[in-house]
1. Placing +1 at every Lys and Arg Cβ and -1 at every Asp and Glu Cβ, with all other atoms neutral, what dipole size does the chain have around its Cα centre, in debye to the nearest 20?
2. Place a point 7 Å from Cα of L151 in the direction of its Cβ. Which residues in the stretch 16-41 have their backbone N less than 15 Å from it?
3. Need the full-extension length gain, A135 to D38, defined as separation in residues times 0.36 nm minus the C-alpha distance. One decimal, nm.
4. Would you mind listing how long the chain runs along its three principal axes, going by Cα atoms, in whole Å with the largest first?
5. Going by amide H atoms built from the backbone, whose H comes under 5 Å of the H on V63, apart from near neighbours?
6. At 0.890 mPa s and 25 °C, plugging the Kirkwood radius over alpha-carbon pairs of the stretch 1-66 into Stokes-Einstein gives what diffusion coefficient in µm²/s?
7. Counting other Cβ atoms within 10 Å, which chymotrypsin sites (Phe, Trp or Tyr not before Pro) in the stretch 51-125 have at most 11 and lie in a DSSP loop?
8. Grab the beta carbon distance between R88 and S8, set R0 = 35 Å, and tell me the FRET efficiency rounded to 0.05.
Amino acid sequence: MITISPYSEQYRDGVIALILPIQQTEFGFAITLQEQPDLLDIPNFYQGGHGNFWIARAGEEVVGSISLKDIGNAQGALRKMFVKAPFRGREHQVAHRLLQELLGWSRRQGLRQVFLGTTAAFLAAHRFYEKNGFAEIDASGLPPAFPRMGLDTRFYRLDL
């Protein structure tokens, strides 16, 4: 049984234990926790304005995450979407359920667009976002307030 819920501080270590190994081991990115201060202060970084952060849990284990950063102008930035390998795919639908939670929230908050950045290496992510209505855009089409990550080379927009 997978449960989707807004982030609370009791799951901080679980979120870090989910995200860092995927970034560092699975995808080989040389990124540290210290280079991601948002992970150490999720409530203040993501859960303000129209933003939020959600986790997927199998029991008490954090197996997925997704966040929405309010960037103003009725726009949001999708960030920190990660799903632990055994929970990926159609069987559990963790990614799909997390994205639907974020999009439902975005619509209820009155947002008009959601943007995201990803790397060229995340081919499965590209297919997932495109299948869910996101259109690839050039970096020049990003709003000025979009929090661009150094590793991001592909960008997407969804009009709500």
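The values are calculated or read from the model by the stated rules, or taken from the named source; none is laboratory data. None of these values were measured; they are calculated from a predicted model. In this analysis, Cβ positions are derived from the backbone assuming ideal geometry, glycine residues included, and neighbour counts consider all displayed protein chains. With ligands, DNA and RNA removed, areas are computed over all heavy atoms of the protein, side chains included. Shrake-Rupley method; radii C 1.70, N 1.55, O 1.52, S 1.80 Å.
1. Computed charge dipole of the chain: roughly 440 debye.
2. 16-39
3. Working: separation 97, 0.36 × 97 = 34.92 nm, distance 2.62 nm.
That works out to 32.3 nm of additional length.
4. Each principal axis gives a Cα extent; for the chain these are 38, 33, 32 Å.
5. Answer set, sorted by chain and number: A56, R57, A58.
6. 198
7. Nothing satisfies the criteria.
8. Values: r = 24 Å, r/R0 = 0.69.
Calculated value: 0.90.
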